[in-house]
Amino acid sequence: MARAIWKGAISFGLVHIPVSLSTAISSDRVDFDWLDERSMDPVGYKRVNKVTGKEISREHIVKGVEYEKGRYVVISEEEIRKARPEATQTIDIFSFVDSAEIPLQQFDTPYYLSPDRRGGKVYALLRETLQSTSKVALAKVVLHTQQHLALLRPLEDALVMITLRWPQEVRSLDSLELDASVRDSSIDKRELQMAKRLVEDMSGTWSPDEYRNDFKETIMALVEEKARQGKIATVAPVEGEGEQKSADIIDLTELLKRSLGGRKAAAKKAPASKKTSPPSKPRKKA
């Protein structure tokens with residue numbers, strides 16, 4: 001069973017689903033560590049002043065945000081700590097949308113969600129609800145002190161959570177500056193037919209067991225060969241992170257009723273919408 005990297009609850013309305021979060025991916029890259037060839041000791045990174053070229057100690061380092069070209073605003077560690085979002089141990093669902101509405105470039109990292117502390121029934125209810133409505137849940141969650149936008153969706157018998165990039169992080173397609181040869185290109189029918197035939201000839205089924213990282217396999221084969229020759233050194237392992245606390249589950253039917261009732265009452269009491277002035281534009285950098 002995959003090790004949980006986070007424990008908490010999915011929250012929508014007044015319903016809480018205790019869950020464990022585990023990573024859905026593992027790196028298939030080759031990690032090359034720096035070592036001192038004379039002693040095989042690990043080599044770290046120096047903190048160097050880029051102007052003087054001299055190494056500086058940690059106590060003289062501060063964090064700054066570039067406000068204008070070459071001009072920085074210094075932010076203290078205390079200010080950074082206060083600005084960080086509170087770790088609520090909750091995947092807080094705030095909306096349900098059609099999955100097709102979310103652009104692929106928004107997707108970031110997938111995680112598996114599994115029910116925790118007798119939360120199987122309500123976990124299955126959310127999975128089936130999403131499946132039957134063809135919706136995904138949008139949520140906010142804090143992982144490793146960082147707030148993430150995320151979506152929840154069913155995957156066979158399970159639920160998965162995919163962190164999303166914030167919209168401000170995704171560049172518009174306009175940044176590609178595609179010219180008329182791409183946008184308004186008139187494709188020759190004969191060429192299109194040949195391209196389609198080539199696609200059909202090369203078509204197959206998704207077979208993940210057949211897809212191999214050739215570079216990694218070549219490097220690891222070399223590692224095995226050198227290890228057999230005794231060309232190997234030992235490096236001390238790094239301690240892993242601990243697990244976090246989980247959340248409680250409350251009666252499902254009653255919470256669903258109260259959630260629906262609360263939304264109806266809020267809709268009746270909501271005042272007529274008023275026009276608001278548009279937000280002021282941020283100050284441009286010089």
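Some notes on this structure:
- Positions within region 62-74 being within 26 Å of the chain's Cα centre (by Cα) and either surrounded by 10 or more Cβ atoms within 10 Å (Cβ to Cβ) or not aliphatic (A, V, I, L, M) (or both), in sequence order: Lys63, Gly64, Glu66
- Note on region 2-18: residues that are more than 17 Å from Glu254 (Cβ to Cβ), buried (at least 21 other Cβ atoms within 10 Å of the Cβ), of a type in the set (A, V, I, L, M, F, W, C) and over 16 Å from the mean Cα position of the chain (by Cα) amount to 1.
- All conditions in (1) surrounded by 10 or more Cβ atoms within 10 Å (Cβ to Cβ); (2) part of a loop (DSSP other than H, G, I, E, B) hold for Gly204, with the sole exception of (1).
- Filtered residue count, region 75-101, keeping only those that are open to solvent by less than 70 Å² (accessible area, probe 1.4 Å) and within 30 Å of Pro115 (Cβ to Cβ): 10
- Region 128-143, residues that are within 20 Å of the chain's Cα centre (by Cα) and not β-branched (Val, Ile, Thr): Lys135, Ala137, Leu138, Ala139, Lys140, Leu143
- Residue match in region 240-257 (condition: at pLDDT 80 or above, part of a loop (DSSP other than H, G, I, E, B) and either in contact with a strand residue (DSSP E or B) (Cβ under 8 Å, 6 or more places away or on another chain) or open to solvent by 100 Å² or more (accessible area, probe 1.4 Å) (or both)): no
- Tally of residues being surrounded by 10 or more Cβ atoms within 10 Å (Cβ to Cβ), out of contact with any strand residue (DSSP E or B) (no Cβ under 8 Å at 6 or more places or on another chain) and within 25 Å of Ser99 (Cβ to Cβ) across region 162-201: 3
The values are calculated or read from the model by the stated rules, or taken from the named source; none is laboratory data. This is a predicted model, so every value here is computed, not measured. Note that we place each Cβ from the backbone using ideal geometry, even for glycine, and neighbour counts take in every protein chain shown. Heads up: the accessible areas ignore ligands, DNA and RNA and are worked out on the full protein's heavy atoms, side chains in. Shrake-Rupley method; radii C 1.70, N 1.55, O 1.52, S 1.80 Å.
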